[in-house]
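This report refers to the structure that appears directly beneath it.
Read-outs throughout are calculated quantities, based only on the coordinates presented, and are distinct from any laboratory measurement. Worth saying up front: this structure is predicted, and the values here are computed from it rather than measured. Here the Cβ positions follow ideal geometry from the backbone for every residue, glycine too, while neighbour counts run over all protein chains shown.
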Amino acid sequence: MSVNFNSSATRAARSSRAGARQDQRGFSMVAMLLSLVIGAILVGVVYSQFGDSTRKARIENAQSEIATMIAGSQKLYGNTNQYGAVTTAIAVRSGVVPARLRVGTTTTAQNIYNGAITFTPATLTTTNDSMVLGYAAVRREDCQDLVLGSDSLTRRISVGATDVKPADAPVNIATLATACDAAASSAINFTFGRGQ
């Protein structure tokens, strides 16, 4: 009988150790899966924050480009009432468009979205009292922020064919949201000049 008892005790001990190892394996598997889930969440958060900071930097750069070109145009052409004589080629050659935006040695320029930058005379109150800075290929997700960030520099703004800021009026937020959402990218026309 004692042999059977020892044999039973040995089997029970072995069974207990085997169960403990299985519990450890199960726990290790759960810990590993939990680590993978936490890692995936962290990667997602970092990726999202990187995307947000990249977008913010892109918008800030675009707003800076627009402000520089508007200020340069007003100083060079507005103070002498010469908006009517300005073309894109003249704006590029005169340095109103920053050199880094000029396309090679041509008289054309591209913005940070690889869209065309254009200059054309405009009339809001009196003949050629304004100029339109065309800024093409603006991404849908940047459109509203770019318009709102440049609002104080302009007299009128249109997104595509839609006036989102009528002449010398505030931006219509509902119209802006609809116009910016209408396409994957849009051309924004910033009208500025005398009378601001």
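The residues packed around Pro166, meaning those with a beta-carbon under 11 Å from its beta-carbon, carry a net charge of +1 if Lys and Arg are +1 and Asp and Glu are -1. A cut-off under 14 angstrom between Cβ atoms defines the neighbours of Thr80, and their net charge, with Lys, Arg +1 and Asp, Glu -1, is +1. Given Asn189, Ser73, Thr123, which one lies farthest toward the positive end of the charge dipole of the range 59-193, if we put +1 on the Cβ of every Lys and Arg and -1 on the Cβ of every Asp and Glu? Highest projection toward the positive end goes to Ser73.
Among the trypsin sites (Lys or Arg not before Pro) found in the range 67-175, not one is both in a DSSP coil and sparsely packed, with 13 or fewer other Cβ atoms within 10 Å of its Cβ.
All other residues whose Cβ lies under 9 angstrom from that of Ile157 are scored, Lys and Arg at +1 and Asp and Glu at -1, for a net of +1. Working from the Cα coordinates of the range 59-193, the gyration tensor eigenvalues give, after taking √(5λ), semi-axes of 22, 18, 11 Å in decreasing order. Take the alpha-carbon centre of the range 42-81, take the same for the range 116-173, and report the distance between them in whole Å. When both Cα centres are located, 15 Å separates them.
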